[in-house]
Amino acid sequence: MNIVIWILIFLGTFLFMEFMAWFTHKYVMHGFLWSLHKDHHKKDHDSWFERNDAFFIFYAIVSMSLFYAGTTGFWYGYPLGFGILAYGIAYFLVHDIFIHQRFKLFRNANNWYSRGVRRAHKMHHKHIGKGDGECFGMLFVPFKYFKK
């Protein structure tokens, strides 16, 4: 197995997952599965867990399935699975820990990137309903949110 191909598949998968997060967020979470996502847009939460967390579980199952496929001879399963896993970790760190402070870490991060991502997410949550949303991505947000 060529390590360069493995790395390219991993990086491509990681980058593709940002598109998947945007697509899923815009058309699935704010679409036919709004019932799972709407508790995430409430200001006050009844529980630390949200129904919205089911989307993490879905992608974790996809990632684990690809790892399993790797053990059966489908070696592409490993870089694909690790790419999804790496994106899931990045998403969790940025969205759940950094932005929503589910754990009290990264509270003092105040650089150009962190301010832009926070601003974009704040604009997304400004809309508490299913429609009229904006900025559905997570790690790569429009440049307008990075301007002062």
Too long for a 22 Å Cα-Cα cut-off, among LYS26/LYS147; LYS38/LYS122; LYS38/LYS144; LYS104/LYS144; LYS26/LYS104; LYS104/LYS130, are LYS26/LYS147; LYS38/LYS144; LYS104/LYS144; LYS26/LYS104; LYS104/LYS130
For the chain, what is the relative contact order in percent, using Cα pairs closer than 8 Å and at least 6 residues apart in sequence? 28 percent
With bins of 10 Å, the percent of all Cα-Cα pairs of the stretch 1-106 per bin from 0 is 14, 39, 31, 13, 2
Quick one: accessible surface of TYR76, probe radius 1.4 Å, all protein chains present, in square angstrom to the nearest 10. 100 Å²
Counting helices only, and only those DSSP H runs with n ≥ 4, report the 222 nm mean residue ellipticity of the chain as the sum of -39,500 (n - 2.57) divided by its residues, in deg cm²/dmol to the nearest 500. -16000 deg cm²/dmol
Just to be sure I understand the rule: take each whole DSSP H helix in the chain, project its Cα atoms onto its long axis, keep it if the span is 24 Å or more and its mean Kyte-Doolittle hydropathy is at least 0.5. Which ones pass? 3-23, 54-71
Highest-MSF residue in the chain out of THR24, THR72, THR13 [GNM, Cα springs under 10 Å]: THR72
Could I have the simple spin-label model distance between PHE23 and ALA54, label points 7 Å from Cα toward Cβ, reported in nm to one decimal? 2.1 nm
Set the Förster distance to 41 Å, then compute FRET efficiency between PHE146 and ASN2 from the Cβ-Cβ distance, nearest 0.05. 0.65
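The values are calculated or read from the model by the stated rules, or taken from the named source; none is laboratory data. Values in this document were obtained by computation on a predicted structure and should not be read as measured data. Positions of Cβ are backbone-derived with ideal geometry, glycine not excepted, and every protein chain shown enters the neighbour counts. The area values use the complete protein model at the heavy-atom level, side chains included, leaving out ligands, DNA and RNA. Shrake-Rupley method; radii C 1.70, N 1.55, O 1.52, S 1.80 Å.
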